[in-house]
Amino acid sequence: MRLLDRAAELEALDRTLAAVRAGGSRAVLVIAEPGLGKSALLAEAARRAEARGMRVLLGRAAEHEREVPFALAVDALDRCAAELGPARAASLGPDLAAVLPSVAAGAAAPAPTAGPAERHRFHRALAAFVEHLARERPLALLLDDLHWADDASVEWVLHMLRRPPRGPVALVLALRPVDPADALLAAARDPSVEHLRPAPLSGAAARELLGEVPEPERARIAAEAEGNPLFLGQLARAGRTGDGSLPPTLRAAVAQEVAALPAAARRVLEGAAVAGDPFDAGLAASAADVAPGAAADAVDALVAAGLVRPSPGGGAAFAFRHPLVRRAVYDGAPPAWRSAAHERAVAALAERGAGPVARAHHVERSARPGDAAAVALLAAAGERSADTAPGAAAHWYRAALRLAPEQDAARRAELTALRALALGQAGRDVESHAALLEALELLEPGPSPERLALEIACAEAEQLLGRVADARARLTAAIARAAPGERPRLLLRLAGLAFQARDPGELAAVAAEARAAAPAGDEPYAAATDALGAFAAFLSGDGDGARSQLDRALAALGRAGDAALGALPEACLYVGMVAMTAAERARDAEA
């Protein structure tokens, strides 16, 4: 199919593919409003890459999978990984097995551990797999609808933009001018990256695209569509326009197409809109409450009508003609029926043994307030997502909170605290702090281990936000209420705030108090407090005192075992920093 008004974009794609065929790595960003031909440009890039003998991999993000970690990466890479066979897949390593199901079948996935470092390992594993494929022949990796991508997949794409693959790889990305467009643009500052902004079609191109539509209908549709190729096509198929507002017009056009279908096909189409995009035909049948045999005939009718098409993955998977078609069908279904359809999808997925993350989207849209099982499943989805996609985990914990009974303050406090920690892992510090405060309000009055843990987390968040005075006041109040066994770690944290503020008087006093409270035999703790005391002496001009306390800290650190240091790693940080800044002992600091 010839693309109209897209000469500059096609020239940019050709430059990129030529550079990759010559052995380089290049990226293209296609950013445009819905319907302006982003997917068409990716399809043309795929055609031109295949004509050059390149391997082409296409992945498309789905709106209903925004909370599924690495859903886009799996869609783009898993089929190719499956073709490698179990033995070769196993050689790709456990980090890749943690992300791609086909690799997991042939390799042991690592035990999940929380934190950015582990997520970055998964990003590197995916990037290494891309490089592995490119060594066989030049690769075109085309990722569509990134505005619907899950957080983990976006982080992976940002990783590849900041650290381009080593080898002949063309990375072509398409999305709307919304989040994460700004982050991608910031990461794609290399002059070799092509930035494409397809504009609406000219009047002449729009009329040409409408082809055999007779005048004056052609002029009317062209004016209403305002150069949007998708709307032009939809309105031309529908044969009528709406009230002049583009989204309602599109919904009206899709509704007219749907109304022309047999009743069973309409119901399965609505079930497919609930199931997702791409959708599994069996899951769509379950959501629609239609027998499998009748559903198969209905899907064939939908393919014939041009509303859905077989997914590139093959099998029982199908995709809507465009995500906006799926949205129009979903919004047009009766709300109560949609809720029941999501409930049927939950039951069908449970029968298949699907995990909490796969079911959470449907539970969120069908469960009723107070449903303890739904709350537990959404919380489990949050727990499963926390390691690789903390933003998704925060979403699921919030969904669980919406259903948790108001009177169950303890459960709500637990979910709020988990959400706060996930928000902190996702780098959303302001929201994390607000959630921690909310969790504290939900707890029963009086001291408890839960309250102390939240107070410490809240002080850490305030420290990250630069609110050192608030963090100091919070820790001071917690120390006054703390049991004797809890005081040492709180005093050490308070000393750490004084260390950050470089207040010699306060640091000396708190470090001494913390040193006096040292648990017997805790060498890392003793090392940390001696190092902080040494820094206070250094700031006060007491060089001899600083050296003496630093020597004690180094000796204590040397006596500590790995397990003890692992429980208090900041001891190494304090000793190393003080050795470098206060004593200029670079060898000790490095060690």
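If every alpha-carbon in region 128-184 counts as one equal scatterer, what log10 I(q)/I(0) does Debye give at q = 0.16 1/Å? Reported log10 I(q)/I(0), two decimals: -0.49.
Take D300: with every protein chain present and a 1.4 Å probe, its accessible area is about 100 Å².
Expressed as a whole percent, the accessible area of the chain that falls on carbon and sulfur atoms is 54 (1.4 Å probe).
Between rounded, prolate and oblate, where does region 432-591 land on the alpha carbon gyration tensor, with a ≥ b ≥ c its root eigenvalues, rounded for a/c under 1.5, else prolate if a/b exceeds b/c? The shape class here is prolate.
Would you mind giving the three semi-axes, in whole Å and largest first, of the ellipsoid equivalent to region 481-521 according to its Cα gyration tensor?
On the way: eigenvalues 71, 22, 12 Å².
Gyration-tensor ellipsoid for region 481-521: 19, 11, 8 Å.
If the only charges are +1 at each Lys and Arg Cβ and -1 at each Asp and Glu Cβ, what is the size of the charge dipole of the chain around the Cα centre, to the nearest 20 debye? List each step's numbers first, then the result.
On the way: 65 positive and 75 negative charges, 253 e Å.
Here the size comes out at about 1220 debye.
Each part gets one Cα centre, and for region 135-176 versus region 69-102 those centres are 16 Å apart.
When the chain is described by a simple charge dipole with +1 on each Lys and Arg Cβ and -1 on each Asp and Glu Cβ, the residue from A288, A298, M54 located farthest towards its positive end is M54.
Over all Cα atoms in region 333-478, the spread is summed up by Rg and Dmax: 17.2, 57 Å. Here's the picture: charge each Lys and Arg Cβ at +1 and each Asp and Glu Cβ at -1 in the chain, and of P138, P484, L161 the one pushed furthest to the positive end of that dipole is P138. Helix 38-51 axis versus longest C-alpha principal axis of the chain: approximately 80°, rounded to the nearest ten.
Look at where the Cα atoms of region 454-469 and of region 23-56 average out, and the two centres are 46 Å apart. Sorting 504-517, 59-72 by their mean Cβ neighbour count within 10 Å, with the most densely packed peptide first, gives 59-72, 504-517. Segment A586..V303, full-extension length gain: 94.9 nm, with 0.36 nm per residue of separation and the alpha-carbon distance subtracted. Remark: region 426-434, residue by residue, has Karplus-estimated 3J(HN,Hα) of 7, x, 9, 5, 5, 5, 4, 4, 4 Hz, where x stands for each Gly or Pro and the curve is 6.51 cos²θ - 1.76 cosθ + 1.60 at θ = phi - 60°.
Counting only the backbone N, which residues of region 438-452 are under 14 Å from the spot 7 Å out from the Cα of A483 toward its beta-carbon? In region 438-452, the label zone of A483 (backbone N under 14 Å from the point 7 Å along Cα→Cβ) covers 447-452. Each of P449, A417, A434 was placed along the dipole of region 387-534 (beta-carbon charges, centred on the mean Cα), and the one lying farthest toward the positive end is A434.
Taking square-rooted eigenvalues a ≥ b ≥ c of the alpha carbon gyration tensor, is region 260-354 rounded, prolate or oblate, where a/c under 1.5 means rounded and, failing that, a/b exceeding b/c means prolate? In terms of gyration-tensor shape, rounded. Dividing the alpha-carbon radius of gyration of region 137-286 by the rule-of-thumb value 2.2 N^0.38 Å gives 1.34. Taking every DSSP beta bridge that has both ends in the chain, the antiparallel portion is near 20%.
What ratio of Cα Rg to 2.2 N^0.38 Å holds for region 41-97?
Working: Rg = 13.9 Å, N = 57, 2.2 N^0.38 = 10.2 Å.
My calculation over the Cα atoms of region 41-97 gives 1.36.
Here region 285-416 is assigned +1 on the Cβ of each Lys and Arg and -1 on the Cβ of each Asp and Glu. Its dipole about the Cα centre then comes out at about 300 debye. Once the gyration tensor of the Cα atoms in region 152-220 is diagonalised, the equivalent ellipsoid follows with semi-axes of 37, 13, 11 Å, ordered largest first. In plain terms, if you count all Cα to Cα distances in region 467-543 and split them into 5 Å steps from zero, the share in each step is 3, 18, 28, 24, 18, 8, 2, 0 percent. Normalised by residue count, the chain yields a Cα convex hull volume of 189 Å³ per residue. Placing one equal scatterer on every Cα of region 401-482 and applying the Debye formula, the log10 ratio I(q)/I(0) at q = 0.13 Å⁻¹ is -0.39. Classify region 20-66: rounded, prolate or oblate, from the alpha-carbon gyration tensor (a ≥ b ≥ c, eigenvalue square roots; a/c under 1.5 rounded; otherwise prolate if a/b is larger than b/c)? Verdict is prolate for region 20-66. Taking one quarter of the surface of the C-alpha convex hull of region 285-329 gives a mean projected area of 3.4 nm². Where the alpha-carbon atoms of region 303-374 are placed on the principal axes, they occupy 42, 28, 15 Å, in descending order.
The values are calculated or read from the model by the stated rules, or taken from the named source; none is laboratory data. Since this is a predicted model, take the numbers as computed values, not measurements. Counting neighbours? That spans all protein chains shown, and the Cβs are built from the backbone with ideal geometry, glycine included. When the accessible area is computed, the model is the full protein with side chains, heavy atoms only, and any ligands, DNA or RNA have been set aside. Shrake-Rupley method; radii C 1.70, N 1.55, O 1.52, S 1.80 Å.
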